[in-house]
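J.: This is the structure I want to talk about, given as structure tokens.
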Amino acid sequence: MKDEALSPMAFKMGELPIAEPSASIRASAESAVRRLIEITALQQQTHRTILDWLRMEYSIEKPTNKLQNLTALDSDGFVAEVKNNRGKKLPLTAAGLHALREEYQRTIEPSHGLAAEALKLECELSDLVNQAYGLTPEETALMWETAPPRMPIPKPPKPSSANCG
């Protein structure tokens, strides 16, 4: 299928082997998944709060794609996107600029740490799945070499690395 994705067709899925993880792999995976769910909820709440604040305080009804991905922006990028979204008819005041930078530090900056933690957990889960399937370092390297272009986690610097980069 597109980007080499697996097809959910039943006759093909019936041939897909399902690994039975060890108790320790299962416990580690469950712990990582629980934390990922917590992080996702926190990130979503931050996203909703910031976009609501921007709507109410800065008249941003339709945020740009960049504003939709707050953790990818640094402080200057955040301010530039708000300015861009408001247009020339609604320039930022000095007080408005100051409030944006303060809110970035208070609310968005902590999200960067959570995003990094989530990536680390996703990479750990990837490694746990590889362990459950009993993949060798060579097989893991082959998987990464043939990964689709839009792989959700980055290729690790070493084939069996748990930090994904």
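J.: As I understand it, the dipole of the chain uses +1 on the Cβ of Lys and Arg and -1 on the Cβ of Asp and Glu, about the Cα centre. Which of Gly87, Trp53, Ile18 lies farthest toward its positive end?
T.: Toward the positive end, the furthest listed residue is Gly87.
J.: Where does the chain land at 222 nm, in deg cm²/dmol rounded to the nearest 500, when only DSSP H runs of n ≥ 4 count, each adding -39500 (n - 2.57), divided by all residues?
T.: When only DSSP H runs of four or more count, the value is -19500 deg cm²/dmol.
J.: Could you tell me the extents of the chain's C-alpha atoms along the three principal axes, largest first, rounded to whole Å?
T.: 60, 33, 29
J.: How big is the dipole moment of the chain about its Cα centre under a simple scheme where the beta carbon of each Lys and Arg is +1, that of each Asp and Glu is -1, and everything else is neutral? Debye, nearest 20, please.
T.: Its charge dipole is roughly 760 debye.
J.: So, one more: If you take the charge dipole of the chain about its Cα centre, with +1 on Lys and Arg Cβ and -1 on Asp and Glu Cβ, which of Ala132, Gly96, Ala147 is farthest toward its positive end?
T.: It is Gly96, whose Cα lies furthest towards the positive end.
J.: Follow-up. Report, in listed order, any pair from Lys62/Lys120; Lys83/Lys155; Lys62/Lys88; Lys62/Lys155 with a Cα-Cα distance greater than 26 Å.
T.: Where the Cα-Cα span goes over 26 Å, the pairs concerned are Lys62/Lys120; Lys83/Lys155; Lys62/Lys155.
J.: What Rg and what Dmax come out for region 52-119 when only alpha-carbon atoms are used, in angstroms?
T.: According to the Cα coordinates of region 52-119, Rg and Dmax are 12.0, 40 Å.
J.: Could you tell me the relative contact order of region 25-144? Use alpha-carbon pairs under 8 Å, at least six residues apart, and round to a whole percent.
T.: 37 percent
Each reported figure results from applying straightforward, stated rules to the coordinates on display, with no laboratory input. From a predicted model like this one, the values you see are computed outputs, not experimental measurements. Because the Cβ atoms are built from the backbone with ideal geometry, glycine has one as well, and the counts that use them run over all protein chains shown.
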